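Down below is the structure, laid out as structure tokens.
The values are calculated or read from the model by the stated rules, or taken from the named source; none is laboratory data. Remember, it's a predicted structure, so these values are computed and weren't measured experimentally. So basically every Cβ, Gly included, is an ideal-geometry build from the backbone, and we count neighbours across all protein chains shown. All accessible areas refer to the heavy atoms of the entire protein, side chains included, with ligands and DNA or RNA removed. Shrake-Rupley method; radii C 1.70, N 1.55, O 1.52, S 1.80 Å.
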Amino acid sequence: MLSSNSSQKRHTDKTDKSTRKIGVMGGTFDPIHHGHLVAAEEALFALGLERVIFIPTGDSFHKAQHKVSSPEDRYMMTSLATLENDRFRVSRIEIDRHEPSYTVDTLREMRHWFPTGEVSFYFITGVDAVSTMMSWHEHDSLPGLCSIVAVTRPGYGKEGFEFLKSFPDSFRKSVVPLTIPSLSISSTEIRKRVKEGKNIRYLVPPLVEQYIRKKGLYREARLEKTSKR
């Protein structure tokens, strides 16, 4: 069983002090909520990251299709949610891409934003998503592009990392387990509550709540098809 604290320390210590440590958090963000923000903030401080870049997904089809809000609405909600944190950024890299989006392609492209050898990426995602990574596009390339920060989710305690034992050794070594405060919030539940006319205050940032209400999101059939990575 991997130790969360020892793994974090290993990844913190092995990075050269001159290397810029950048967090990357991809997701549909439909809508972004406090659970996403807590995960990013915990990774920022636990791993000594310079900043965290949020990347709303664009046209991706790794898994079965499902309906999500427009890329522009999701980008705006993500921008509003991160507005007050000067160490959070939002990128349109996948939204503006006119071809299917995969995590490996995004990380490769982002490396060109920095001088060669100057950056180390930390891809932040839920432990449930990490458990499916063996099915991701070019998953073997991920360890060479980033460290994978697997944050705990409700229902995934320390025992939730047991699946790592079945991963190839090279891949397993790139995973950084990170235990964060447990917030039982999901975008699915938020969309459901809005549709049913229920309150979402304190589940999402105030500006996101106002945007959802102003745009009438999740109340009508205003969604378009896309899919997860």
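Applying the Karplus relation 6.51 cos²θ - 1.76 cosθ + 1.60 with θ = phi - 60° to segment 200-216 yields 3J(HN,Hα) values of 10, 4, 6, 8, 10, x, x, 5, 5, 4, 5, 5, 4, 5, 5, 8, x Hz, where x marks Gly and Pro. Is segment 90-145 rounded, prolate or oblate when judged by the Cα gyration tensor, a ≥ b ≥ c being the square roots of its eigenvalues, rounded requiring a/c under 1.5 and prolate requiring a/b larger than b/c? Oblate, since a/c reaches 1.5 and b/c is not below a/b. At full extension, Lys192 and Ser170 could sit 3.9 nm farther apart than now, given 0.36 nm per residue minus the alpha carbon distance.
Amide H to amide H distances under 5 Å link Val149 with Phe123, Ile124, Thr125, Val176, where only residues 5 or more positions off or on other chains count and H is placed in the peptide plane.
Under 18 Å from a label point set 7 Å out along the Cα-to-Cβ vector of Trp113, the amide N atoms of segment 17-47 belong to 19-29, 37, 40-41, 43-45. Phi-derived couplings, Karplus 6.51 cos²θ - 1.76 cosθ + 1.60 at θ = phi - 60°, listed residue by residue for segment 173-186: 5, 8, 8, 10, x, 9, 8, 10, x, 7, 10, 7, 10, 9 Hz, with x used for Gly and Pro. Over segment 109-174, what percent of the accessible surface lies on carbon and sulfur atoms, probe 1.4 Å? That fraction is 51 percent. Charging the Cβ of each Asp and Glu at -1 and of each Lys and Arg at +1, and nothing else, the dipole of segment 73-126 about its Cα centre rounds to 80 debye.
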